[in-house]
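The values are calculated or read from the model by the stated rules, or taken from the named source; none is laboratory data. Values in this document were obtained by computation on a predicted structure and should not be read as measured data. Neighbour counts run over all protein chains shown; Cβ positions are idealised from the backbone, glycine included.
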Amino acid sequence: MAATEQEMFNSMAPRPFMKKLGVFDWVWAALFLAATVFVQQMYADLMDGYEVGILFGSLPVLVFIGWRWKPFRQFSVAVALISLFAVWLYGAELKLQETNFFLKFMLSSQSAIMWMSALYVLATATYFFALFIHSEFTGKVASIMTWSATVMGLAGLMIRWRESYLMGADIGHIPVSNLYEVFILFSVITALIYLYYEGRYKTRALGGFVLLVISAAVAFLLWYSFDRQAHEIQPLIPALQSYWMKIHVPANFIGYGAFSIAAMVGVAYLFQSARKSTGESTPEEIPALKVLDDIMYKSIALGFAFFTIATVLGAMWAAEAWGGYWSWDPKETWALIVWLNYAAWLHLRLTKGWHGNVMAWWAVIGLFVTLFAFVGVNMFLTGLHSYGSL
C-alpha cells in the first residue's frame, strides 16, 4: 500500500523541466546550434573573438526561449528564411536592390521595414476594431498582422546588417547604432514581449493599447526616414566601434519595451477602473483589473532587470571608452533617474503592497520619463552621448 501511495505521489509531482522536453524540443536546439555554427563559419573573417563569444553565448538563451515559448520557433525560422533569401538574392552586389523585384519591393532592408510599419499600424486599428465589435476572428487577424510585422522588422534589421557589409567591410556593423535603427529594434522587442503576454494570458484585448506606442515609434521612423534620410547606412563613428554596443543596446531596449508595455497596460487599467467607478459596463474582453495589475508588475520587473543589466554594461563600456565608469553625462543622469523611478515603483509594490490607480498612473508617467531619457536627451541636451542627436 505504501509503495502504491508513493507511486501515486511521484506521478503527481511536477517533472523537472529538462525531462519535459520532447523530440521537437531537441530538434529545435540542434537546428539553432547548426545555424550558429553556420553563421560563425560563413562570416568568420568579419568576427573577432568577442563577437564569436556573443554569438555562441546567445545560443542557450534563444534555445531556452524556444523551449518555453513555442511560437518563438516559427518566428525565428521565418526571420532566418527571409533573411537568408535576401542575402542570397544580393550575392555580392548591393545595387541589385534597385533592379531585383523581390529586393526592390519586399526584401531590401528599407522595403521590409516599410512593410513592418504598415502592418503595425493596420494591426493597431484592427485590434481596437476587434475589441469594440467583440470579434474573436478579427482579433486573430490583428495578431497575425503583428507577428508578420515583427518578422519583417527583425528580418529588415538582419538584411540591413548584411547591406552594411556589402558597402564595405569597414562600414559594416550591427544595426543598432542610431535612432532610426534602435526605433526598429524597439518596435520589434516591444511587440515580441506583448505577443508573449498575449499567449500567456490568452487575451488580445490589450493589443490596441500596446501597439499604440509601437505605431508612435513607426510615425517617428517614417518622419526620420523621409525628412532626415536616416535610413541611409552610415559608417560607425569611433565611439561606437565596440563590442559593448552589441550587448548594451539590446538589453536597454528590452527594458524600454517592457516599460512601454507596462504604461499601455496602465492606460487599459485606468480605462477599466474609471468605467467601473461610474457603473458603466466595460468591454468583456479586457482582462480584470487584477490581471492587468499583474501584467503591469511583471512588465516593470522584466524591464527593470534588463535596464539594470544595460546600465552596468554601459558603465563598463564608458570605463573602456572614456576612462571612467560614470561621468554624470546627461544621458547617464537620466538613465539613473529612470532606474530610480522603477526601483521605487517595485519597492512600494513589493514591500507596501501598493497597487491600483496610483501604480497605473505611475507606470504611465514613467513612460514619459523613459521617453525623455531615450529621445529627449538627444534632442535637447548635449554631452558624451551627443552622437545620438537628432
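Some observations on this one:
- Qualifying residue in region 264-272 (condition: without any contact (Cβ under 8 Å) to a residue 24 or more places away in the chain and surrounded by fewer than 16 Cβ atoms within 10 Å (Cβ to Cβ)): no
- Among (1) modelled with pLDDT under 90; (2) touching a Lys or Arg at 6+ places or on another chain (Cβ under 7 Å); (3) acidic (D, E), the one test that E232 misses: (2)
- In region 54-72, the residues that are under 16 Å from the mean Cα position of the chain (by Cα) and not small (G, A, S): V61, L62, I65, W69, P71, F72
- Of all the residues in region 21-47, those that are loosely packed, with under 12 Cβ neighbours inside 10 Å and outside any helix (DSSP H, G or I) number 1.
- Residue match in region 168-176 (condition: more than 20 Å from Y224 (Cα to Cα) and part of a helix (DSSP H, G or I)): no
- Yes/no for K95 being part of a helix (DSSP H, G or I), touching a Lys or Arg at 6+ places or on another chain (Cβ under 8 Å), exposed (fewer than 14 other Cβ atoms within 10 Å of the Cβ) and assigned by TED's automatic domain parsing to the domain that holds V218: no
- Any hit, region 20-31, residues being outside the structural domain of Y196 (by TED's automatic domain parsing), of a type outside the set (S, T, N, Q), more than 22 Å from the chain's Cα centre (by Cα) and closer than 30 Å to Q241 by Cα: no
- In region 184-215, the residues that are part of a helix (DSSP H, G or I), small (G, A, S) and surrounded by fewer than 24 Cβ atoms within 10 Å (Cβ to Cβ): G199, G208, S215
- Filtered residue count, region 273-287, keeping only those that are over 18 Å from Y196 (Cα atoms), of a type outside the set (S, T, Y) and either at pLDDT 90 or above or in a loop (DSSP other than H, G, I, E, B) (or both): 4
- A search for C-beta distances below 7 Å between a residue of region 38-63 that is closer than 22 Å to D25 by Cβ and any residue that is of a type in the set (S, T, N, Q), counting only pairs 6+ apart in sequence or on different chains, returns L55/T36; L55/Q40; F56/T36; L59/T36.
- Scanning region 218-239 for residues that are surrounded by 19 or more Cβ atoms within 10 Å (Cβ to Cβ) and assigned to a helix (DSSP H, G or I) turns up V218, L221.
- Any hit, region 63-74, residues being modelled with pLDDT of 90 or more, surrounded by 18 or more Cβ atoms within 10 Å (Cβ to Cβ), assigned to a helix (DSSP H, G or I) and β-branched (V, I, T): yes
- Members of region 328-346 that are more than 25 Å from the chain's Cα centre (by Cα) and exposed (fewer than 14 other Cβ atoms within 10 Å of the Cβ): W328
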